[in-house]
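This report concerns only the one structure given below.
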C-alpha cells in the first residue's frame, strides 16, 4: 500500500459538483461510530473523527474523511493500535518524547497539545516528539484551536515507511512529502500555514493517477530523472519521484526543508528511516510557544496584525484575486460548510458505506444543500 499523504495542491482534483452535502456533526458521529465498531476506544475514536472532519471543513479533502477507509483497513490488519496509552521515553520540565505504540495519530497529537499547552504557559515553550505514531491526518486541522488560545503552534511529521521524494539533483526517493504547519494568533482569525517540503504530495498524486489525469505542471521525475506531468511514474515499478518544493529551478529549498523536518522528527525522536519498517505511520514534532513569555501577547499581536494588513494591502497582480493570508480561504470554507453542509469528494461516502455495512453502522444521510445565493450570504 502506498499510503495517502497530506496535500494542498488540488490542480486536476475533483470535488463533488452536485448538491449533496452532509451535516458536520453527523459526519463526525458517523466516523466515530465506525471506528468504535472496529474496536477503537471511544475517546480515541471521537478525536480521530473530529480531526478528519475538520480537514474536510478546511478544504484539505485528501486528508479528511478520505483517510477513514484506509484507517479502518489498518485496524483490520492490526497495524493501528485500538486502545491504550503512549509510552514516555523521556521527559523534562517542558520537553517529552513519546512512543506512540502505533496508536491513531490524531489522538496522539491532541494529547501532545494538551500536555504541552500548560507547560508552554509556564516555561514559554514546550515540545513533544512522538515516534511510532500512526498517520496524523491533516496538519492544518490542529492549528486553529491552539492559535485562538493565544499560543503559537509548530507541527511537523515524516513517515519512515515511505519514500517518494528524491533529494534535489537525485533520482532515488529518500523522503516523504514531509509537511510542516504553523498557526499563530492575530486580533482576528489566526494565520494557518500548512505546506510540504515537496511540490505536491502522495495523496494528490494518487488521486490524479486513479482518475487518469495529468498534473497542472511537471511536478514529478521518472526513474531516469526526466520531468513529467504524469503522477503515475511514482506508482510504477521503475521508481519515479516527486520533486522537492521549488521544483527544477529551486528544489534545493524544499530539499533543505525536508532535511530540517527529518532532523526535528526522526532524529529527535530517535526513530526514523534508519530503523526497520513497521507500516504506514508518522514521526511527529510538536512545539508550542506562549508569546506572553517573550515580548508579551499584545506586542506579538501588534506585529502580526501589521504584517497581515500589509499583505492584504499589497496590490494584487490580478485584481480579481486579492492577496489573502494562509488559512483565510480554509476558515471561510469551514464557516460556509458548517452552515450549508460539508461537500465531500465523491468517492468518499461509497467507500465508507461499504465499511458501514460490514460493521453494522448506520451511514450518515445527506442533507439538502442551501441554494447557491444563500451560501454566499
Quiz item: Sorted by average packing, counted as other Cβ atoms within 10 angstrom per residue and highest first, what order do 127-137, 190-200 take?
Solution: 127-137, 190-200
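Work out how much length residue 25 to residue 303 would gain on full extension: take 0.36 nm times their residue separation and subtract the Cα-Cα distance, in nm to one decimal.
96.5 nm
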Exercise. Would you look at the GNM of the chain, springs on alpha carbons closer than 10 Å, and say which of 292, 69, 140 moves the most?
Key: 292
Quiz item: DSSP beta bridges in the chain, what fraction antiparallel, as a percent rounded to 5?
Solution: 85
Quiz item: When N counts the residues of the range 155-216, how does its alpha-carbon radius of gyration compare numerically with 2.2 N^0.38 Å, as a ratio?
Solution: 1.40
Exercise. Can you figure out the FRET efficiency of residue 90 with residue 210, using R₀ = 45 Å and their beta-carbon distance, to the nearest 0.05?
Key: 0.60
Practice problem: Output the relative contact order of the chain, whole-number percent, from Cα pairs under 8 angstrom with separation of 6+ residues. | Solution: 24
Quiz prompt | Inter-probe distance in nm under a simple model that places probes 7 Å from Cα toward Cβ, at residue 218 and residue 37 | solution = 4.8
Quiz item: Once you sort the root eigenvalues of the Cα gyration tensor of the range 260-318 as a ≥ b ≥ c, which label holds: rounded (a/c under 1.5), prolate (a/b larger than b/c) or oblate (the other case)?
Solution: oblate
Practice problem: Among 338, 257, 268, determine the one that fluctuates most according to a GNM of the chain built with springs between C-alpha atoms less than 10 Å apart. | Solution: 338
Self-check item: Alpha-carbon spread of the range 229-377, three principal axes, descending order, Å
Solution: 55, 53, 38
Practice problem: Round to a whole angstrom and tell me the spacing of the C-alpha centers of the range 181-252 and the range 29-79. | Solution: 24
Exercise. When a/c is below 1.5 the answer is rounded, else prolate if a/b is larger than b/c, else oblate, so apply that to the range 87-209 with a ≥ b ≥ c taken from the square roots of the Cα gyration tensor eigenvalues.
Key: oblate
Self-check item: Structure-derived semi-axes √(5λ) of the Cα gyration tensor in Å - corresponding label in [x] 27, 26, 25; [y] 116, 21, 15; [z] 29, 25, 22
Solution: [x]
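If packing is taken as the mean number of other Cβ atoms within 10 Å per residue, what is the order of 152-159, 341-348, highest first? Walk me through the numbers before you get to the answer.
Details: 152-159: 25.8, 341-348: 20.0.
Per-residue Cβ counts within 10 Å, averaged per peptide and sorted highest first, yield 152-159, 341-348.
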Quiz prompt | Tensor-based shape of the range 212-281 (alpha-carbon gyration tensor, a/c under 1.5 rounded, otherwise prolate or oblate) | solution = oblate
Quiz item: Pick from 172, 321, 214: which residue has the top mean-square fluctuation in a GNM of the chain where Cα pairs under 10 Å get a spring?
Solution: 321
Exercise. Determine, from the Cβ-Cβ distance of residue 323 and residue 193 and an R0 of 25 Å, the FRET efficiency 1/(1 + (r/R0)^6), rounded to the nearest 0.05.
Key: 0.95
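Readers should treat all values here as calculations from the given coordinates under stated rules, not as data from a laboratory. Nothing here was measured: the structure is a model prediction, and the numbers come from that model. Glycine gets a Cβ as well: all are built from the backbone with ideal geometry, and neighbour counts include every protein chain shown.
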